[in-house]
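Only one structure is covered here, and it is reproduced in the block below.
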Amino acid sequence: MKILLKSATIVDASGKHHLKKRDVLIENGKISKIAASIPSSEKVREISLKNLHISQGWFDSSVSFGEPGFEERETIENGLRTAAHSGFTSVAVNANSFPVTDSKGHIKFLKSKAEGNAVSLYPIGALTVGSKGTDLAELYDMQNEGAVSFYDYKNPIANANLLKIALQYTQNFEGLVQSFPFEKSVARNGMVNEEVNSTRLGLKGIPALSEELQIIRDLYILEYTGGKLHVPTISTKKSVELIRDAKKKGLKVTCSATIFNLILTDDDLEEFDTNYKLLPPLRTKEDAKALIKGLKDGTIDGITSDHNPIDVEHKKTEFEQAYFGSVGLEACFGALNQILEMEQSVNALTGLKETFKIPSEKIEEGNRAELTLFNPDETWEFAEKDILSSSKNAALLGSKLKGKPYGILANNQLVLNS
């Protein structure tokens, strides 16, 4: 397959064509030529789009597809289709399926379901058997089968010794351990951020302390054991400071934040809309500002959509009974690009590739073409018709966005939005 991208602005700070407008010829999945002008021919599919920009393919470190077990929420097939149209060439899929992804057989199943897709699926293996927090799962075997990290999705590691052993053991094969920052004992039955709004609305709170206590403990253990730790979806100002200080010490720690915690705050809970019931919860404006600052200065390594489709039965119900979670892939770039400069947005959506060992190549001749195509300046409103997921629980519904993906070119396949 030959594809010619016409007048594309290349966004790749690691390469020599950064911010230059070029024609890019792709042949059989590789970039064969980059020039100011490349003549077209009958054998080449020419792509000419308004204000076309291309970057290295975007990666989301935390997506949930219901399959297996919760196909009514989302299938792998439709989830990968949603990711492609949202500009993502690779996604790391959480272990919150049924059965839980805690063996090499489960990893093999996920990879086989995604085989031949334009989007590359990277499974995350559960850290413990059944994500129950008791016994370590088959970490080494899962990594050999293709798992990129180990994480009991949204389940904190309550046993400090278990985290210690996991960090020690995974050093033997350079495994990546994730620890969800949530100390349950100080947030029992909490639903939203514990602050003025939770008191005013009569909703049980999740204090910032619950996140920060866990991070303090985990960083102390990491300093003792060594190894690699990823702290997913931090949400408070203090958490940013803790991670920043740990990095200055030289600890091998990385972290992410969700697009929701950058864009939304607990002020949005006024209408008791269950789409805003998220974990970590929406925090204060001060916290959101600190996250943005942390992202800009490199403390936060990347942004995730934390895409988590929930079926109607478990979302459109009383706030207390509703499940945590929101779909996020479709609006992630447009929301992020609303608050950051375009280059910063791209960096935030590619910044965790190294942490998760996701293959990445510069946009240069001879390299594999794994590209995201987008218009960074298009303004639009995220409406229900824009939700491609099977479930429609979208916290960013109605948001004014800036920047829209055209699609992706990856694995020698072109996927474009109609």
In nm, the gap between the two label points placed 7 Å beyond Cα toward Cβ at Ser185 and Ser40 is 6.6
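List, in the order given, every pair from Lys154/Lys400; Lys252/Lys315; Lys249/Lys289 whose Cα-Cα distance in the structure shown is over 31 Å. The partial results should precede the final answer.
Values: Lys154/Lys400 29 Å; Lys252/Lys315 37 Å; Lys249/Lys289 24 Å.
Beyond 31 Å between Cα atoms: Lys252/Lys315.
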Note to self: C-alpha centroids of segment 213-241 and segment 43-76 sit apart, in Å, by 30
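Rank these residues by their accessible area, most exposed first, probe 1.4 Å: Lys111, Lys296.
Working: Lys111 85, Lys296 120 Å².
Largest accessible area first, the residues go Lys296, Lys111.
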Cross-link reach from Lys293 to lysines, straight Cα distance under 17 Å and at least 8 residues apart if same chain, gives Lys237, Lys238, Lys247, Lys248, Lys285
Amide H neighbours of Arg283 at under 5 Å, excluding residues fewer than 5 places away on the same chain, with H built from the backbone geometry, are Asp266
Given unit charges at Cβ for Lys, Arg (+) and Asp, Glu (-), the dipole magnitude of the chain about its Cα centre in debye, nearest 20, is 1060
Computed over the chain: longest principal axis from alpha-carbon atoms vs helix 285-296 long axis, angle to nearest 10 degrees, is 50
With the 1.4 Å probe rolled over protein heavy atoms, the chain has an accessible area per residue in Å² of 41
Taking a ≥ b ≥ c as the square roots of the eigenvalues of the Cα gyration tensor, with a/c under 1.5 meaning rounded and otherwise prolate when a/b exceeds b/c and oblate if not, segment 362-418 is prolate
Listed residues Thr233, Thr254, Thr379; largest mean-square fluctuation, Gaussian network over the chain with Cα springs below 10 Å, found at Thr379
Partner aspartates and glutamates whose C-alpha sits under 12 Å from that of Lys132, ignoring same-chain residues fewer than 8 away, are Asp102, Asp152
Here the FRET efficiency for Glu318 versus Asn172, based on Cβ atoms and R0 = 56 Å and rounded to 0.05, is 0.75
Once the in-chain neighbours fewer than 8 apart are removed, the lysines whose Cα is under 19 Å from Lys108 read Lys357
The helix 160-170 Cα axis meets the longest alpha-carbon principal axis of the chain at an angle in degrees, between 0 and 90 and rounded to 10, of 30
Here, trypsin sites (Lys or Arg not before Pro) of segment 148-254 satisfying both criteria (DSSP loop; at most 16 other Cβ within 10 Å) are Arg188, Lys204, Lys249, Lys252
Most fluctuating of Ile165, Ile292, Ile243 in the GNM of the chain (C-alpha, under 10 Å) is Ile165
Compactness summary of segment 148-305: radius of gyration and Dmax from Cα atoms, Å, are 15.5, 50
Of the accessible area of the chain, computed with a 1.4 Å probe and all protein chains kept, carbon and sulfur make up a percent value of 47
The Rg/Rh figure for the chain, Cα atoms and Kirkwood Rh, to two decimals is 0.96
In whole Hz, the Karplus estimates of ³J(HN,Hα) for segment 114-128 (6.51, -1.76, 1.60; θ = phi - 60°; x where Gly or Pro) are 9, 4, x, 7, 5, 8, 8, 9, 10, x, 9, x, 5, 6, 10
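The values are calculated or read from the model by the stated rules, or taken from the named source; none is laboratory data. Every value quoted in this text rests on a predicted model; they were computed, and no experiment measured them. Backbone-built Cβ (ideal geometry, glycine too); neighbour counts: all protein chains shown. Heads up: the accessible areas ignore ligands, DNA and RNA and are worked out on the full protein's heavy atoms, side chains in. Shrake-Rupley method; radii C 1.70, N 1.55, O 1.52, S 1.80 Å.
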